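Novice: Would you mind keeping the following structure in view while I ask a few things?
The values are calculated or read from the model by the stated rules, or taken from the named source; none is laboratory data. Predicted model, so just to flag it, every value in this text is computed and none were measured. Here the Cβ positions follow ideal geometry from the backbone for every residue, glycine too, while neighbour counts run over all protein chains shown.
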Amino acid sequence: MQARHTEEFHYRVSWRSDAVRPGFHPSRRSGSGERFHGLAPLLKHPDPRRIDLRASVLDPFGGYAVRIYEQRSAIKVFAIVDLSASMEFRGTGSKMDTLADFLASLALSAYRTGDSLGIIGCSEKIHAEFSLPLCRHPAMALNLVRRLRRFRPKGTNARGLVEAARCVPNSRSLVFLVSDFHMPLTLVKRILVSLGPHDVVPLVFWDASEMGGEATLGFRRMRDLEDGSERLLLLRPKLRARLEDSYRDRRERLVHLFLSHGREPLFLEEGFKADYLTRYFQRAL
């Protein structure tokens with residue numbers, strides 16, 4: 001079997017990190033960065049290498065001033081992923097393969113950016129076997145990805161996504177919220193409210209064949225992946241058009257809800273490519 005090639009994507013945040021550990025992102029802390037932050041008395045910041053002669057000469061009290069630079073810091077990154085049964089859907093692609101490809105790329109991207117990564121897998125509850133505490137090396141995350149490729153979700157709902165917020169530290173983090181969001185919008189809102197302090201990036205996993213556009217007309221056995229129930233339906237042109245309309249309406253409602261909580265969602269309908277995320281963050285800033 002041919003090995004999969006994993007590509008990294010580049011993410012950025014507009015807020016400032018409070019982390020002590022140096023990294024890539026804007027920070028509230030002063031340190032050994034390159035961006036000028038301001039001046040401070042030498043006694044407060046005893047680093048004579050950074051004495052600003054001009055400011056010191058102009059000081060009416062004869063004190064010495066040193067230049068303070070902004071430190072760039074690391075951030076915490078989390079992926080909260082939906083492992084309910086609807087994520088088992090296979091159409092033009094497999095949602096679980098798309099999820100695994102994304103997590104592998106995220107693990108590599110966070111490692112090369114110098115950030116810590118945590119993963120929380122949920123359906124009705126949090127799945128400890130598909131969760132990962134914060135770590136800075138991708139090996140554990142890639143091991144989890146390999147297990148996810150063999151996993152077949154069976155959870156009947158995604159309420160555990162609300163509980164996942166308790167596993168994220170209070171300090172602001174970048175959180176990728178990954179689901180197909182085939183759940184009540186009231187539940188989606190509860191999840192977003194629970195993650196309120198954080199920078200949440202919603203990734204919506206859909207497939208073109210879910211929307212009825214590629215389905216052949218005639219009798220079709222339709223299965224609800226959330227509860228396992230099946231129905232025999234006569235798929236007529238009008239019914240297929242209604243399915244397409246319902247997806248368009250659902251998309252508009254999701255976009256409006258996510259925007260009201262600070263972020264535009266990214267719909268992944270043709271699998272995962274690292275460039276999709278890189279372009280997403282370029283547009284966002």
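Novice: Quick check: is even one residue across the range 184-206 at pLDDT below 90 and either surrounded by 15 or more Cβ atoms within 10 Å (Cβ to Cβ) or under 20 Å from the mean Cα position of the chain (by Cα) (or both)? Spell out the reasoning first.
Specialist: Taking the range 184-206 as the starting set, the residues that turn out to be at pLDDT below 90 are none.
No; the residues of the range 184-206 include none that is at pLDDT below 90 and either surrounded by 15 or more Cβ atoms within 10 Å (Cβ to Cβ) or under 20 Å from the mean Cα position of the chain (by Cα) (or both).
Novice: Run G33 past the list (1) of a type outside the set (A, V, I, L, M); (2) outside any helix (DSSP H, G or I); (3) over 25 Å from L106 (Cα atoms); (4) modelled with pLDDT of 70 or more and report the number of the one that doesn't hold.
Specialist: Condition not satisfied by G33: (4).
Novice: Within the bounds of the range 46-56, is there any residue that is farther than 30 Å from S171 by Cβ, touching a Gly at 6+ places or on another chain (Cβ under 9 Å) and not assigned by TED's automatic domain parsing to the domain that holds N143?
Specialist: yes
Novice: Identify all residues within the range 89-116 that are touching a helix residue (DSSP H, G or I) at 6+ places or on another chain (Cβ under 6 Å) and buried (at least 19 other Cβ atoms within 10 Å of the Cβ); write none if there are none. Reasoning before the result, please.
Specialist: Step one: filter the range 89-116 for residues touching a helix residue (DSSP H, G or I) at 6+ places or on another chain (Cβ under 6 Å), giving 89, 91-92, 95, 100, 103-105, 107.
If the condition is that a residue be touching a helix residue (DSSP H, G or I) at 6+ places or on another chain (Cβ under 6 Å) and buried (at least 19 other Cβ atoms within 10 Å of the Cβ), then F89, K95, A100, L103, A104, S105, A107 are the ones that fit.
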